[in-house]
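K.L.:
One structure, as structure tokens, below. Some questions next.
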Amino acid sequence: ELMGMLARRNVRNIIVDSVCCQKNESIYIEELKEKMILRNGANIVMVEREVHDESVHSIFVDNYEASYLITRHLIDMGRRHIAHISGAEQFPHAEIRAQGYRKAMEDAGLEPDKRWLMMGDFTPLSGFGLVQELLGKGIDIDAIYASNDQMAIGAIKAIRKFGLKVPQDIAVAGFDNLKFSSLITPGITTIQYPVYQMGFQAMQMIALLEAGQSVAQKVKLNTRLIVRQSTDAAVLEDWDLQEW
């Protein structure tokens, strides 16, 4: 519907950040191509997902690698009973991050208890509810890796509700490095997601395409592990107040 409206208005350059199940991705991309590229000659750049189609440009990060890295950090901190809260299954990167977690555990010789694997919806409330249920059942965990910072915050609140300490009793890690992740106590160990760089690169790519210049069909941006006190109590807090 939205793409149809853009096509009718002859919009020629589009940056798309949208959600589509992996199983429906080929249909979704074909519809974009039909409505925008073949009919209008539009330039399309998709962000936050790698697209395996040469007619659509994409800018993305390696969610698998980043997820492996942050799980490995928890293991290196001596944690062995590491639970994972994934995002909703309709988000392609949620399963990819879960795969990175499972591979890191496997490489360390650790077999996750099925009860440690939980599916949230990327909201703080889901992180809180899932961890509250887990702890209420007396399931033994010493760390939680949540697929985003919002669920990590919910997890921390649930842990504190049970009179436990972060990270002494249970370490918590997130993903995205949202602004508030350095402002709460303890600060959340997380993955720096290059949001600004992704938007900048997308605009730059559109400008080059509009000018008829050749650009890379796929651009992978780097992520970075940021360690804070939610997993390592010895780390000095770093309040990131930029842009606040």
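The values are calculated or read from the model by the stated rules, or taken from the named source; none is laboratory data. Note that the structure is predicted; figures quoted are calculated from it, not measured. Counting neighbours? That spans all protein chains shown, and the Cβs are built from the backbone with ideal geometry, glycine included. To get the accessible areas, we keep the full protein, side chains included, count just its heavy atoms, and leave off ligands, DNA and RNA. Shrake-Rupley method; radii C 1.70, N 1.55, O 1.52, S 1.80 Å.
K.L.:
First obtain the Kirkwood hydrodynamic radius of the stretch 55-162 from its Cα pairs, then insert it into the Stokes-Einstein equation at 10 °C and 1.306 mPa s, and state the resulting D in µm² per second as a whole number.
P.N.:
This corresponds to a translational diffusion coefficient of 113 µm²/s.
K.L.:
Give the average over all directions of the projected area of the C-alpha convex hull of the stretch 112-217, one decimal, in nm².
P.N.:
Details: hull surface 34.2 nm².
Here the figure is 8.5 nm², rounded to one decimal.
K.L.:
Same structure again: Excluding ligands, DNA and RNA, what is the solvent-accessible area per residue of the chain at a probe of 1.4 Å, expressed in Å²? Present the calculation step by step, with values, prior to reporting the outcome.
P.N.:
Details: 12480 Å² over 244 residues.
Here the residues of the chain average 51 Å² of exposed surface.
K.L.:
While we're looking at this one, here's another question. So how do 65, 237 rank on accessible area, 1.4 Å probe, biggest first, that is with the largest at the start?
P.N.:
Solvent-accessible surface, decreasing: 65, 237.
K.L.:
What distance in nm separates the two pseudo spin-label positions at residue 106 and residue 168, each 7 Å out from Cα along the beta-carbon direction?
P.N.:
3.7
K.L.:
Taking 0.36 nm per residue of sequence separation and subtracting the Cα-Cα distance, how much length would be gained by fully extending the chain between residue 183 and residue 236, in nm to one decimal?
P.N.:
Details: separation 53, 0.36 × 53 = 19.08 nm, distance 1.28 nm.
So the extension gain works out to 17.8 nm.
K.L.:
How large a share of the accessible area of the chain, in percent, is made up of carbon and sulfur atoms when the probe is 1.4 Å and the other protein chains stay in place?
P.N.:
The value for the chain is 52 percent carbon and sulfur by accessible area.
K.L.:
Excluding ligands and nucleic acids, what accessible area in Å² is computed for residue 161 using a 1.4 Å probe, to the nearest 10?
P.N.:
130
K.L.:
5 Å is the cut-off here: which amide hydrogens, built 1.01 Å from N in the peptide plane, fall below it relative to residue 119, excluding neighbours closer than 5 in sequence?
P.N.:
Counting only residues 5 or more places away or on other chains, the set is 86.
K.L.:
Per 0.36 nm of contour for each residue apart, how much would the distance between residue 211 and residue 80 grow if the chain were fully extended, relative to their Cα-Cα spacing?
P.N.:
41.9 nm
K.L.:
A further question on this structure: For the chain, take the convex hull of the Cα atoms, compute a quarter of its surface area, and give me that in nm², please.
P.N.:
14.5
K.L.:
Tell me which residues come under 5 Å, amide H to amide H, from residue 143 once H is placed; ignore anything under 5 positions away on its chain.
P.N.:
For residue 143, whose amide H was placed from the backbone, the distant partners under 5 Å are 81, 83, 171.
K.L.:
Using per-residue counts of other Cβ atoms within 10 Å, averaged over each peptide, order 84-95, 170-181 from highest down.
P.N.:
On the way: 84-95: 20.8, 170-181: 23.5.
In descending order of packing, they fall as 170-181, 84-95.
K.L.:
I've got another one for you. To the nearest 10 square angstrom, how much accessible area does residue 119 have with a 1.4 angstrom probe?
P.N.:
110
K.L.:
Can you compute the helix-only [θ] at 222 nm over the chain? Use -39500 (n - 2.57) per DSSP H run of at least 4 residues, normalise by all residues, nearest 500 deg cm²/dmol.
P.N.:
Helix-only estimate at 222 nm: -11000 deg cm²/dmol.
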